[in-house]
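What follows is a short report on a single structure.
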Amino acid sequence: MEAIEFCKSDFLYMLNELNKYAIENDVKDVWINHNTMCGWIELTHFSDSYEYGNRDIHISLRHDSHESAYEKYEYMMSIMKDGALI
């Protein structure tokens, strides 16, 4: 079976859904940053549980596969929904 390519429409869908969830649910302690020119999304989670106060996770249009990007996306959503640590 061929690997599914991670494309810009997937990337934009993820970015839209992350931002939409964060806004609609007034998510605290999370910062979502992106660069559509370079093709990356970064979610930073702030918590006293981390040694330096925050940790982040990245999705890259160039470096992630379709599968790894969606795994990271689901993980980002769980961080916002459940307050899971990175």
Spot the failing condition for residue 55; the list is (1) open to solvent by 80 Å² or more (accessible area, probe 1.4 Å); (2) outside any strand (DSSP E or B); (3) touching a residue at least 24 places away in the same chain (Cβ under 8 Å), and only one is missed. (2)
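In this structure, does residue 48 turn out to be modelled with pLDDT of 90 or more and of a type in the set (Asp, Glu)?
Details: modelled with pLDDT of 90 or more: no; of a type in the set (Asp, Glu): yes.
So residue 48 fails the test.
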Of all residues being outside any loop (DSSP other than H, G, I, E, B) and out of contact with any His (no Cβ under 9 Å at 6 or more places or on another chain) in region 19-30, which is farthest from residue 57 (Cα to Cα)? Just the residue, please. 24
Which one is nearest to the chain's Cα centre (by Cα) among residues in region 36-52 that are of a type in the set (Phe, Trp, Tyr) and in a strand (DSSP E or B)? 40
So which pairs qualify, if the first residue must be in region 1-19 and within 15 Å of residue 39 (Cβ to Cβ) and modelled with pLDDT under 95, the second must be open to solvent by less than 100 Å² (accessible area, probe 1.4 Å) and acidic (Asp, Glu), the Cβ gap must be under 7 Å, and the two must be at least 6 apart or on different chains? 6/64
Boolean, residue 33 is assigned to a strand (DSSP E or B) and open to solvent by less than 80 Å² (accessible area, probe 1.4 Å): yes
Of the residues that make up region 5-17, is at least one touching a helix residue (DSSP H, G or I) at 6+ places or on another chain (Cβ under 8 Å), open to solvent by 80 Å² or more (accessible area, probe 1.4 Å) and either in a loop (DSSP other than H, G, I, E, B) or polar (S, T, N, Q) (or both)? yes
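The values are calculated or read from the model by the stated rules, or taken from the named source; none is laboratory data. Since this is a predicted model, take the numbers as computed values, not measurements. Glycine gets a Cβ as well: all are built from the backbone with ideal geometry, and neighbour counts include every protein chain shown. Heavy atoms of the whole protein, side chains included, go into the accessibility calculation; ligands, DNA and RNA do not. Shrake-Rupley method; radii C 1.70, N 1.55, O 1.52, S 1.80 Å.
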